[in-house]
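The values are calculated or read from the model by the stated rules, or taken from the named source; none is laboratory data. Predicted, not measured: the structure shown is a model, and the values here were computed from it. Using ideal geometry, Cβ is built from the backbone for each residue, glycine included, and neighbour counts are taken over all protein chains shown. Protein only, heavy atoms only, side chains kept; ligands, DNA and RNA dropped before computing areas. Shrake-Rupley method; radii C 1.70, N 1.55, O 1.52, S 1.80 Å.
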Amino acid sequence: MEDNYIHKGKRRQLVNLLREKGITDERVLDAINEVPRHLFLDSGFLEHAYQNKAFPIGAGQTISHPYTVAFQSQLLEVMPGQRILEIGTGSGYQCAVLIKMKAQVYTIERQNELYKKTTQLFKKLFYRPRKFVFGDGYKGLPDQGPFDGIIVTCGATDIPKALLAQLKIGGRMVIPVGDDSQIMTLIVRESESKFVKSTFGEFRFVPFLDGKE
């Protein structure tokens, strides 16, 4: 669980790269600079941890590119104390970035193998989501909503109505939508029945599956 000056130097280089690629939210960049991404990867990928690449994390899942994590976090416009629902905990890296931004994170993982692994990692690294659930992301957490923001870290063929219903008025949902590749989509809930959608280009995610394993 070492985080040495070499790792910290590589994170600073990564932050500079993200700035060059258009990330402007300093709170997002500060969080990326603070979270030791190498500790969320399997040992075989450690020396590549601060490259802008995705890597397998087991159970057919991946840890997203740092740029994707930063871009989704920036679209979410997280403010301290906000309640954020994350669908697809995966390695826990995106969750850790949101926690560093002082969000109250409620996060769901459907793969039991990853849920167990990431639960142990959170304990070792002292990251404490408000709630970490092994469950079906399509259903969200209706008993905990509504949420100021919802972030989906897997590719959805459509936008689950259950998640829209859990978004607070004025809240923001960031979700990649599509089959083979996905279009990054921002949905802002303006009223009880009005949702405004914006799109931000093509990304590639593992699929958003219902149920749990």
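Could you please let me know if Phe195 is open to solvent by 20 Å² or more (accessible area, probe 1.4 Å) and in contact (Cβ under 8 Å) with a residue 40 or more places away in the chain? Give the derivation first.
Numbers: open to solvent by 20 Å² or more (accessible area, probe 1.4 Å): yes; in contact (Cβ under 8 Å) with a residue 40 or more places away in the chain: no.
No; evaluated as a whole, the condition is false for this residue.
For segment 50-87, the set of residues classified as small (Gly, Ala, Ser) and either out of contact with any strand residue (DSSP E or B) (no Cβ under 8 Å at 6 or more places or on another chain) or at pLDDT 95 or above (or both) consists of Gly58, Ala59, Gly60, Ser64, Ala70, Ser73, Gly81, listed by residue number. For Glu202, the conditions (1) at pLDDT 95 or above; (2) part of a strand (DSSP E or B); (3) out of contact with any Leu (no Cβ under 8 Å at 6 or more places or on another chain) all hold with the exception of (1).
Within segment 33-60, the set of residues being open to solvent by less than 30 Å² (accessible area, probe 1.4 Å) and over 20 Å from the mean Cα position of the chain (by Cα) is empty. Looking across segment 5-28, the residues that are in contact (Cβ under 8 Å) with a residue 40 or more places away in the chain and farther than 17 Å from Gln72 by Cα come down to His7, Lys10.
Residue under question is Leu85, and the condition is that it be in contact (Cβ under 8 Å) with a residue 40 or more places away in the chain, open to solvent by less than 20 Å² (accessible area, probe 1.4 Å) and in contact with a Phe, Trp or Tyr (Cβ under 9 Å, 6 or more places away or on another chain); does it hold? Considered against the rule, which asks whether it is in contact (Cβ under 8 Å) with a residue 40 or more places away in the chain, open to solvent by less than 20 Å² (accessible area, probe 1.4 Å) and in contact with a Phe, Trp or Tyr (Cβ under 9 Å, 6 or more places away or on another chain), Leu85 comes out as yes.
The selection criterion, being surrounded by fewer than 16 Cβ atoms within 10 Å (Cβ to Cβ), under 14 Å from Val69 (Cα atoms), at pLDDT 95 or above and of a type in the set (Asp, Glu), holds for Asp30. Could we say that Arg172 is open to solvent by 30 Å² or more (accessible area, probe 1.4 Å) and not in a strand (DSSP E or B) here? For Arg172, the condition - open to solvent by 30 Å² or more (accessible area, probe 1.4 Å) and not in a strand (DSSP E or B) - is not met.
Each row is one residue, and each column tells you yes or no for (1) farther than 23 Å from Ala54 by Cα; (2) not charged (D, E, K, R).
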residue	(1), (2)
Asn112	no, yes
Gln144	yes, yes
Thr153	no, yes
Asp158	yes, no
Leu163	yes, yes
Pro176	no, yes
Met184	no, yes
Glu190	yes, no
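Taking every residue in segment 29-57 that is in contact (Cβ under 8 Å) with a residue 40 or more places away in the chain and pairing it with any residue that is part of a strand (DSSP E or B), at least 6 positions away or on another chain, the pairs with Cβ-Cβ distances below 8 Å are Arg37/Ile63; Phe40/Ile57; Phe40/Ile63; Leu41/Phe55; Leu41/Ile57; Leu41/Ile63; Ile57/Ile63. Considering only residues in segment 1-38 that are aliphatic (A, V, I, L, M) and not in a helix (DSSP H, G or I), the one that is nearest to Gln94 (Cα to Cα) turns out to be Val35.
Of all residues in segment 97-111, count the ones that are out of contact with any Pro (no Cβ under 9 Å at 6 or more places or on another chain) and either at pLDDT 95 or above or under 21 Å from Met173 (Cβ atoms) (or both).
So the first thing to find is which residues in segment 97-111 are out of contact with any Pro (no Cβ under 9 Å at 6 or more places or on another chain), and the list is 97, 100, 108-111.
If we keep only those that are either at pLDDT 95 or above or under 21 Å from Met173 (Cβ atoms) (or both) too, we end up with 97, 100, 108-110.
Going through segment 97-111 one residue at a time, the tally reaches 5.
Tallying residues that are of a type in the set (Phe, Trp, Tyr) and open to solvent by less than 30 Å² (accessible area, probe 1.4 Å) within segment 117-136 yields 2.
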